[in-house]
1. Is at least one residue of the stretch 421-436 farther than 18 Å from ALA17 by Cα and at pLDDT below 95?
2. Those residues that are open to solvent by less than 70 Å² (accessible area, probe 1.4 Å), of a type in the set (Lys, Arg) and outside any loop (DSSP other than H, G, I, E, B), I need them from the stretch 325-345; list them, please.
3. Here's a check for you: in the stretch 366-385, which residue that is open to solvent by 50 Å² or more (accessible area, probe 1.4 Å) and in a loop (DSSP other than H, G, I, E, B) is nearest to ARG236 (Cα to Cα)?
4. Criterion first (modelled with pLDDT of 95 or more and not in a strand (DSSP E or B)) does LYS290 satisfy it?
5. Taking the condition in contact (Cβ under 8 Å) with a residue 40 or more places away in the chain, in contact with a Leu (Cβ under 9 Å, 6 or more places away or on another chain), among the polar types (S, T, N, Q) and crowded, with 22+ Cβ neighbours inside 10 Å, does SER424 pass?
6. So TYR235 clears everything in (1) crowded, with 21+ Cβ neighbours inside 10 Å; (2) at pLDDT 95 or above except one condition, right? Which one?
7. Could you please find all residues in the stretch 41-50 being in contact (Cβ under 8 Å) with a residue 60 or more places away in the chain and under 20 Å from the mean Cα position of the chain (by Cα)?
8. For the stretch 126-152, which positions are assigned to a strand (DSSP E or B), open to solvent by 30 Å² or more (accessible area, probe 1.4 Å) and aliphatic (A, V, I, L, M)?
Amino acid sequence: MERQVAIVGSGISGLLACKYTLSKGFHPIVFESQRSVGGVWTQTLETTRLQTPKSVYQFSDFPWPSSVTDDFPNQHDVFDYVKAYAQHFDLLKHIKFNTKVAGIDYEGPPDEEMRSWSLWGGTGEPFSSKGKWKVIVEDLESLSTEIYLVDFVIICVGRFSGLPNIPEFPPNKGPEAFRGKVIHSMDYAAMDNEKAAEFIKGKRVIVVGFQKSALDIAMECTFANGVENPCTVFYRTAHWNVPDYLPWGFQLGYMYFNRFSELMVHKPGEGLLLGLLATILAPLRWSYSKFVESDIKRKLRLAKHGMVPTHSFLHDISSCLISTVPEKFYDKVEEGKIKLKKAPGFCFCHNGVLVEGEATPVGADVVILATGFKGEKKLRDIFVSQTFQDYIAGSPDAAMPLYRECIQPHIPELAVIGFSESVSNLYISEMRCRWLAELLDGTFKLPSIKEMEKDVTKWDEYRKRYSGKNYHRKCIAALHVWYNDQLCKDMGWNPRRKKGFFAELFEPYGPLDYVPSSAAS
């Protein structure tokens, strides 16, 4: 019988999950609440560009069109590329647009029996004759509700959309106390270009945040208002945002995205030799960070603006907190069109925003909160069962417990794709979808629940060591080759993808190293 697989979301991860489950003969049904594929690329700012070079943000079997010549394509080119991928592999016919998944509920053995399992799903198999998932779907046009029974669920909702993270304020000190307008960056991105420009034109704008969306919005404010109404950017912590991927003319990939760079980092599950080597190479790891930091400080004149971070570049790249600074951003700061203001905390008052520790408010007409999203809550709330909600959330002092960043050991017949971050989320999502397709096809089996939990703990310890308080972001950017090695070994592939010893050690790894034609070892 043909196995039916429900996929929640048709962003990058959802499309890849659809394509690779189809390749194994399964029957995917993709539920998408929007009118189009593309996920976060369906609603972006006019000035948004790709954060990473397109050479690492591409499908392994679908190259960028020759007409796209920029290393960092604009949002229109990226959106067109993603749509072209869906069309090329005939994925659209499997997608139900304008359908929102209101909840998923597992119909199977009682919780007591599932708690006694030593293997995933009781048998270690991805499918079970004892249980199915009930997917409750709302049609956003007809407002009708439909229920689907499926054999497996793949959640691809991502963590950077849908549920905005709005800071909490004391009573009468939140947006309700402010006479102006307060919106989240998600709402600003949803406006068409003309409406967005009109919304900020002639206004005193405060942007809260210092990641990519905040920087892009600040730049759009400078185009609309100039020096007459400068945009104020509130930030809590300065980060090593990069002007380019060429520190001192040297490709960043040769410093952080190859096997040699990962020898300098303590890895989950490493042996005695690799652990000793990482300790010996610690001074070189420190030198790498200082080399990149010095270039960023020079190009962006960070010291002049009081924006030199107190932590290392390795910390930021291990936390996936590296953004590409918009061209001429700091020129706008020097021209007085952007004002940077450190704000460990803030609250609203009638005429503007009051920064913690200050007596005089910053006047404003508009405040845009580029404060991220509640990705964990969005994912947790998909589950009807409180037990499964608790499983997916994990403990407060650990990151979301996903084996291989895909499988919650205690939740049967379900995978999560695209929640953990890396250098290029497209590239790593494709690897995970290929791994998952092989798992569903019976190529390999998962270890026991206890063994999976031990592995999850080791990765959590790694993140706490290198990401500090940001370990919840589940970033694998500084260890993506090591991570892919584990996926390759599971699938029976040769993890060594390069030709020759020096190429294997020093050349950066990317999506084309894992092209399907060279998959089998």
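1. yes
2. The answer is LYS332, LYS341.
3. LYS374
4. Values: modelled with pLDDT of 95 or more: yes; not in a strand (DSSP E or B): yes.
The answer is yes for LYS290.
5. Working: in contact (Cβ under 8 Å) with a residue 40 or more places away in the chain: yes; in contact with a Leu (Cβ under 9 Å, 6 or more places away or on another chain): no; among the polar types (S, T, N, Q): yes; crowded, with 22+ Cβ neighbours inside 10 Å: yes.
For SER424, the condition - in contact (Cβ under 8 Å) with a residue 40 or more places away in the chain, in contact with a Leu (Cβ under 9 Å, 6 or more places away or on another chain), among the polar types (S, T, N, Q) and crowded, with 22+ Cβ neighbours inside 10 Å - is not met.
6. Tallying (1) crowded, with 21+ Cβ neighbours inside 10 Å; (2) at pLDDT 95 or above, TYR235 fails exactly one: (1).
7. GLN43, THR44, LEU45, THR47, THR48, ARG49, listed by residue number.
8. ILE136, ILE147, LEU149
The values are calculated or read from the model by the stated rules, or taken from the named source; none is laboratory data. Small disclaimer: the values here were computed from a predicted structure and weren't measured. Because the Cβ atoms are built from the backbone with ideal geometry, glycine has one as well, and the counts that use them run over all protein chains shown. Quick note on the areas: whole protein, heavy atoms, side chains included, nothing else; ligands and nucleic acids left out. Shrake-Rupley method; radii C 1.70, N 1.55, O 1.52, S 1.80 Å.
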